[in-house]
1. Applying the selection to the stretch 218-245, what residues are touching a helix residue (DSSP H, G or I) at 6+ places or on another chain (Cβ under 6 Å) and without any contact (Cβ under 8 Å) to a residue 40 or more places away in the chain?
2. Are any residues in the stretch 7-40 loosely packed, with under 11 Cβ neighbours inside 10 Å and in contact with a Leu (Cβ under 6 Å, 6 or more places away or on another chain), and if so, which ones?
3. Could you check THR40 against (1) without any contact (Cβ under 8 Å) to a residue 12 or more places away in the chain; (2) part of a loop (DSSP other than H, G, I, E, B); (3) among the hydroxyl-bearing types (Ser, Thr, Tyr) and say which number it fails?
4. Name the residue that is modelled with the lowest pLDDT, counting only residues in the stretch 272-309 that are farther than 19 Å from GLU345 by Cα and acidic (Asp, Glu).
5. Checking VAL55 against (1) surrounded by 13 or more Cβ atoms within 10 Å (Cβ to Cβ); (2) out of contact with any Asp or Glu (no Cβ under 6 Å at 6 or more places or on another chain); (3) part of a helix (DSSP H, G or I); (4) in contact (Cβ under 8 Å) with a residue 12 or more places away in the chain, which test does it fail?
6. Out of everything in the stretch 268-300 that is touching a Lys or Arg at 6+ places or on another chain (Cβ under 9 Å) and among the small types (Gly, Ala, Ser), what residue ends up being farthest from LYS338 (Cα to Cα)?
7. Those residues that are under 26 Å from LYS204 (Cβ atoms), at pLDDT 90 or above and among the charged types (D, E, K, R), I need them from the stretch 138-174; list them, please.
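The values are calculated or read from the model by the stated rules, or taken from the named source; none is laboratory data. Keep in mind that what you see is a predicted model, and the values were worked out from it rather than measured. Positions of Cβ are generated from backbone atoms using ideal geometry, with glycine treated the same way; all protein chains shown enter the neighbour counts.
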Amino acid sequence: MNLFDEDLIKQGEGSFLDIKEGIYDTFMMVPYWSWFEKKTEVLQLLSNMSDNDQVKFVWPLIRDKISDYSCYISGKKIEITPYNPNVSVFGSFVYAKHRVLMSATTQDDSFFVKGLNFDPAAVKHPLTNQIQKWSGEKMIIMPSMIREDCNHELVIKYFSNLDIHKLGIVALVPSTERAMIYKQYDAIVTDKHNIRQEIDKLRKGNFRRLVVINNRYDGIDLPDESCRILIIDSKPYFDSLSDRYEEKCRPDSEEINKKVAQKIEQGIGRGVRGAKDYCAILIIGPDLVRFMRSSNTNKYFSEQTRKQVDIGNEIISMAQEESNDDNNPMKEVNSLIKQMLNRDEGWKE
């Protein structure tokens, strides 16, 4: 940070002072010309720290390609990230005759060419399963679209207060601040210390209260009864400073919207892990509902997710027709979820 202090101060002296004070939300990018001019000093600093766990596993990638990286500094961390990864270092990958990549949520396949050096023909003609037409059952519900009073906080309060024994209920939230809203209603909020234990309890059928998972949209599998109701709360945040910087500079760019859509799809997929699995997905938070419904942004989802949202809109319309202005705003939402849980033939069809 001392190496680039003059360049950062020129960008914004107040922001630089906030970074020095450790303010999490404040971050700046090191100008590319300054990064290039001082690359030797940067390499010396990293070389001296090459035994550090943060550095040693990536040092072979960085040491001869430092000009292809950019640097971001926040009040909590420094991030050095490549414009494109240096995959040539991994000989077993680069020279392999067959390389297979599998993903259910790939919106930007250009990365395979520019980042992983794939032949464009491989991307234009992917391997697909023409027979498979079914990959699990998702009932996507937007409670606020059924009734205005079925708002964000009401949904949180209702499901957090449920005393459950037969099935798992999980909420995915984008930040600790969001997680704390659930905690005040006695939900189980996970962190790095207890997340494995709580997920293990869900998989073993030990259900007590709603479990909240903070900013983990992939890498967590919650099949069958471990998660029959999944709440996706608010639009996801980006973890990396490079993504946050791009979002700050180009908030409505196609690249950013693709990344947001991919994260949402990854989150939705946590509760459905097989062809016979089923789960109710509750979408809450005005920003997330708007992103999933708007024609400007829902086009970034896969065809399958768009169809599931369309089906969700259909059942919302049906629920609205049956709605009455009683004092139970969650009545219609509960009715829809019960149809799925009780394996209602009309819903399955």
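1. Correct list: PHE238 only.
2. none
3. Result: THR40 fails condition (2) only.
4. This residue is GLU303.
5. Result: VAL55 passes all but (4).
6. Among those residues, the one meeting the criterion is GLY285.
7. Correct list: LYS138 only.
Residue-by-condition table, conditions (1) part of a helix (DSSP H, G or I); (2) buried (at least 17 other Cβ atoms within 10 Å of the Cβ):
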{"residue": "LYS307", "(1), (2)": "yes, no"}
{"residue": "ILE311", "(1), (2)": "yes, no"}
{"residue": "MET318", "(1), (2)": "yes, no"}
{"residue": "ASN334", "(1), (2)": "yes, no"}
{"residue": "MET340", "(1), (2)": "yes, yes"}
{"residue": "ARG343", "(1), (2)": "no, no"}
